[in-house]
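Notes to accompany the following structure.
The values are calculated or read from the model by the stated rules, or taken from the named source; none is laboratory data. Quick caveat: nothing in here was measured; it's all calculated off a predicted structure. Cβ placement follows ideal geometry from the backbone for every residue including glycine, while neighbour counts extend to all protein chains displayed.
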């Protein structure tokens, strides 16, 4: 991808990198809602808007991390969070 980005920038004078970051951050946010990422224990279990900001701001770390968590969810290697009832919610 980096080579293609450099070729496009050399021929058109336009850097593709910011667009690539934004598009991949939007995709991660939309996809996280589809796979219900917030239901799984992960350092990325946030609302899609927060995930978009995190991936866009820290793309070099955020996107590979998201892809790794997504892979684990898709392959069934990551179990959903377990809700533990609080003592106030337990009926006698």
When you go through 33, 4, 29, 54 one by one, which is the residue that is farther than 29 Å from residue 80 by Cβ and without any contact (Cβ under 8 Å) to a residue 40 or more places away in the chain? 4
Go through the stretch 63-92 residue by residue and tally those that are farther than 15 Å from residue 24 by Cβ, modelled with pLDDT of 90 or more and either within 10 Å of the chain's Cα centre (by Cα) or part of a helix (DSSP H, G or I) (or both). 4
Quick check: is even one residue across the stretch 3-10 in contact with a helix residue (DSSP H, G or I) (Cβ under 7 Å, 6 or more places away or on another chain), surrounded by 12 or more Cβ atoms within 10 Å (Cβ to Cβ), modelled with pLDDT under 90 and not in a loop (DSSP other than H, G, I, E, B)? yes
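Here are 21, 53, 60: which of them is surrounded by fewer than 17 Cβ atoms within 10 Å (Cβ to Cβ), at pLDDT below 95, over 9 Å from the mean Cα position of the chain (by Cα) and assigned to a helix (DSSP H, G or I)?
On the way: 21 fails: surrounded by fewer than 17 Cβ atoms within 10 Å (Cβ to Cβ); 53 fails: at pLDDT below 95.
The conditions single out 60.
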